[in-house]
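The values are calculated or read from the model by the stated rules, or taken from the named source; none is laboratory data. These numbers come from a predicted model, not from an experiment. When we count neighbours, we look across all protein chains shown, and the Cβ atoms used for this are built from the backbone with ideal geometry, even at glycine. What goes into the accessible areas is simple: the full protein's heavy atoms, side chains included, and nothing from ligands, DNA or RNA. Shrake-Rupley method; radii C 1.70, N 1.55, O 1.52, S 1.80 Å.
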Amino acid sequence: MKVTRVGSETLLSQIIKMVSQAQRSRAKIQNLADKISSYFVPTVVGVSLISALVWYFFGPKPSFSLALINAVAVLIIACPCALVISTPVSIVAALAAAARNGVLIKGGKYIEMPARLNAIAFDKTGTLTRGELSLARVYPMNEHSEDDLLAIAAAIETLSEHPIARAIVSHAKQKGIQ
């Protein structure tokens, strides 16, 4: 057995480093939550202080106790903690769930990106494929029909041995196109 890499050079160490960097990265929604909180927190603290002062000077006896209770109540009810804490926690949870399933995501902003996708194209390097693939449906995007696109793709992929190519050719044969 020959050791080619040790310590921080190993693949496992690099994967751990990548997951750690992804968890530290920030998504756009986190920046928005921070910006809202930068205005919201001082406003809530100000309202809490005003509430305490009003209860202290104009409230019934024991005015200090009632002022303190109401100031704390304002802070608890209007606390932006859910906004500030839930966003990074949900992103870290999503990154961890993806990592448990063998998917490494580079950062929080990449979790938001798929919401804007219209189509996904895979290359044929085999990095995403294993086992027997099958083609479920062809979705034409322009004036071409499903059968036309399938016939063209099957003609191109006929001689290929790649699993995606075999799935395309097999689907075309099942539909009687090739």
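A few comments on the model shown:
- Taking each residue as 0.36 nm, the span from LYS61 to SER134 lengthens on full extension beyond its C-alpha to C-alpha distance by 18.6 nm.
- Calculated FRET efficiency for the pair SER20/LEU68, C-beta based, R₀ 25 Å, to 0.05: 0.05
- Peptides ranked, highest mean first, by Cβ atoms within 10 Å: ranges 53-59, 147-153: 147-153, 53-59
- Gain on full stretching of the segment that runs from ILE77 to LYS106 - 0.36 nm per residue minus C-alpha separation: 6.8 nm
- Within the straight-line cut-off of under 30 Å between alpha carbons, the lysines reachable from LYS106 are LYS17, LYS28, LYS35, LYS124, sequence neighbours fewer than 8 places apart in one chain being disregarded.
- Bridging of LYS175 to aspartates and glutamates at a Cα separation below 18 Å is possible for GLU146, ASP147, ASP148, GLU157, once same-chain residues fewer than 8 apart are set aside.
- Label-point gap, in nm, between ASN31 and GLU161 - each point 7 angstrom along Cα→Cβ: 4.8 nm
- Within the assembled protein chains, the solvent-accessible surface assigned to HIS144 is about 80 Å², based on a 1.4 Å probe.
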